[in-house]
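Presented below is the structure to which this report refers.
Just so it is clear, none of the values below were taken in a lab; they were calculated from the coordinates. This structure is a prediction, so every number in the text was calculated from the model and none was measured. Backbone-built Cβ (ideal geometry, glycine too); neighbour counts: all protein chains shown.
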Amino acid sequence: MTTVVGLDTATDDVSVAVLRDSEVVAERLVAKPGAGHPRHSEVLLVELEAAVAEGGGWGAVDLLAAGVGPGSFTGLRVGVATARAIAQSLGTGIVPVGTLDALARGIAEHASGSTRPVLAVADARRRQVFAALFDPGGGRLLQPFVASPQELCERVAAIPGGALAAGSGALRFRRELEAAGAEVLADADSAHRVWARHVCGLAEGGVPSPPEAVQPIYLRPPDAELWLERDSP
């Protein structure tokens with residue numbers, strides 16, 4: 001039996017899961033409270049410990065998987081640092097998983113049997129999105145990129161037959177995406193969230209990397225660097 005523990009903190013949510021032989025043993029997702037701030041640093045370890053306890057404890061864990069973005073600078077920093085610390089204490093490696101890949105897996109799961117490409121879109125704030133395009137089997141058609149809604153919609157309009165889109169960015173820019181020919185899943189659909197079970201599933205059979213080799217994918221400088229550049233004489 002192979003037990004995989006996975007986490008993702010690239011979005012406003014904290015998502016953790018335990019899979020054993022591809023079956024979900026435990027899964028937890030903590031959303032940002034209303035208009036408050038994301039709770040990555042407060043709840044990640046608590047939720048991980050609870051999920052792992054349901055799965056038989058850390059001694060039963062064979063593999064760690066971590067969502068590495070693109071996404072929130074702060075969220076990614078918390079998630080990757082936590083995964084590294086756990087891996088070092090367990091003496092194991094980490095399988096890094098693209099957050100948009102995990103999001104796309106959930107969209108494709110929702111639309112089983114569809115032949116349309118899958119568009120994973122995460123809100124990057126500053127009126128930008130992180131996005132990537134996948135075939136129905138999860139293969140990347142467009143590598144992750146950061147773009148304005150207009151730039152994203154130009155790419156969507158060029159997709160024959162349109163795409164099936166979901167994610168926080170798809171929700172925020174639903175009107176623009178639908179005008180460009182995409183179908184955006186209903187607001188309440190769970191496929192708009194990144195679920196750690198998909199992080200675990202993508203990591204199964206993967207090759208673990210040493211903890212220090214696992215790096216977040218940001219795609220753009222953090223806000224602090226931009227502010228420094230803006231305020232420099």
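If the segment from Arg125 to Ser112 were pulled out straight at 0.36 nm per residue, it would be longer than the present Cα-Cα gap by 1.7 nm. With the simple spin-label model, which puts each label point 7 Å out from Cα in the Cβ direction, the Ala158 to Leu45 separation comes to 4.7 nm.
Spatially, the stretch 4-18 and the stretch 200-222 are offset by 13 Å when compared through their Cα centroids.
Fully extending the segment from Ala213 to Leu142 would add 23.1 nm, taking 0.36 nm per residue of separation and subtracting the current Cα-Cα distance. Label-to-label distance for Gln150 and Thr2 is 4.6 nm, based on points extended 7 Å past Cα in the beta-carbon direction.
Potential lengthening of the chain between Ala60 and Glu178 amounts to 37.9 nm, from the contour at 0.36 nm per residue minus the alpha-carbon distance.
Once whole DSSP H runs in the chain are found, which of them have Cα atoms spread over 24 Å or more along the helix axis and a mean Kyte-Doolittle score of at least -0.5?
On the way: long enough: 73-90 (26 Å, 0.83).
Qualifying helices: 73-90.
In a reduced charge model with +1 at each Lys and Arg Cβ and -1 at each Asp and Glu Cβ, the stretch 59-190 shows a dipole moment near 420 debye about its Cα centre. FRET efficiency for the pair Glu204 and Ala31, taken as 1/(1 + (r/R0)^6) with r the Cβ-Cβ distance and R0 = 25 Å, rounds to 0.45.
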